[in-house]
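Report on the structure given below.
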Amino acid sequence: MKIAVTYENGQVFQHFGHCENFKIYNVEDGKVTDSQVVSAVGSGHGALAGFLKQRDVDTLICGGIGGGARTALAEIGISLYPGASGDADANVAALLAGQLVYDPDTMCSHHHEGGHNCGEHSRGEDKHGCGGNH
């Protein structure tokens, strides 16, 4: 099993489509055997699913994610755990223990301006259909 996490400074990065790094974990017998941070810079919004597939990833933990990316991941058989936040390593350990806190309905349905991260919305009226930290 190979698990990828959208990654920035040890944390789950909150917008799949703008993710520059993934931390990829190799798992055998329910335990992480090794991991590495891999740069996805230059892959672009539409190519990230293919980037993960080329690295034999079968599971993705992320923050916010758009509908197009969800479809692309589903088409290539990558299991998706969106709406996660916090420490990347802890999220992988929680997934392996069957205790991952995530939101399967997390969806990011708008384009962002500037450095805006999907998971940082408040629950106010300006949420724009974006999931993430609740």
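The values are calculated or read from the model by the stated rules, or taken from the named source; none is laboratory data. Because the structure is a prediction, the values reported are computed rather than measured. Virtual Cβ from ideal backbone geometry, glycine too; neighbours counted across all protein chains shown. The area values use the complete protein model at the heavy-atom level, side chains included, leaving out ligands, DNA and RNA. Shrake-Rupley method; radii C 1.70, N 1.55, O 1.52, S 1.80 Å.
Taking (1) in contact with a Ser or Thr (Cβ under 8 Å, 6 or more places away or on another chain); (2) within 18 Å of residue 87 (Cβ to Cβ) in turn, residue 36 satisfies each apart from (1). The set of residues in the stretch 1-33 that are without any contact (Cβ under 8 Å) to a residue 24 or more places away in the chain and on the phi > 0 side of the Ramachandran plot comprises 9, 29.
Would you mind finding the one in 74, 94, 90 that is open to solvent by 60 Å² or more (accessible area, probe 1.4 Å) and among the hydrophobic types (A, V, I, L, M, F, W, C)?
Working: 94 fails: open to solvent by 60 Å² or more (accessible area, probe 1.4 Å); 90 fails: open to solvent by 60 Å² or more (accessible area, probe 1.4 Å).
Just one listed residue meets the conditions, 74.
Within the stretch 51-108, the residues that satisfy the criterion of being part of a loop (DSSP other than H, G, I, E, B) and in contact with a Ser or Thr (Cβ under 8 Å, 6 or more places away or on another chain) are 58, 62, 63, 65, 66, 78, 82, 83. The sole residue among 31, 53 that is surrounded by 14 or more Cβ atoms within 10 Å (Cβ to Cβ) and of a type in the set (Lys, Arg) is 53. Looking across the stretch 34-50, the residues that are part of a strand (DSSP E or B) and either open to solvent by less than 70 Å² (accessible area, probe 1.4 Å) or touching a residue at least 40 places away in the same chain (Cβ under 8 Å) (or both) come down to 35, 38, 39. When 83, 64 are checked against the criterion of being within 16 Å of residue 8 (Cα to Cα), in contact with a Gly (Cβ under 6 Å, 6 or more places away or on another chain), modelled with pLDDT of 95 or more and of a type outside the set (A, V, I, L, M, F, W, C), 83 stands alone in meeting it.
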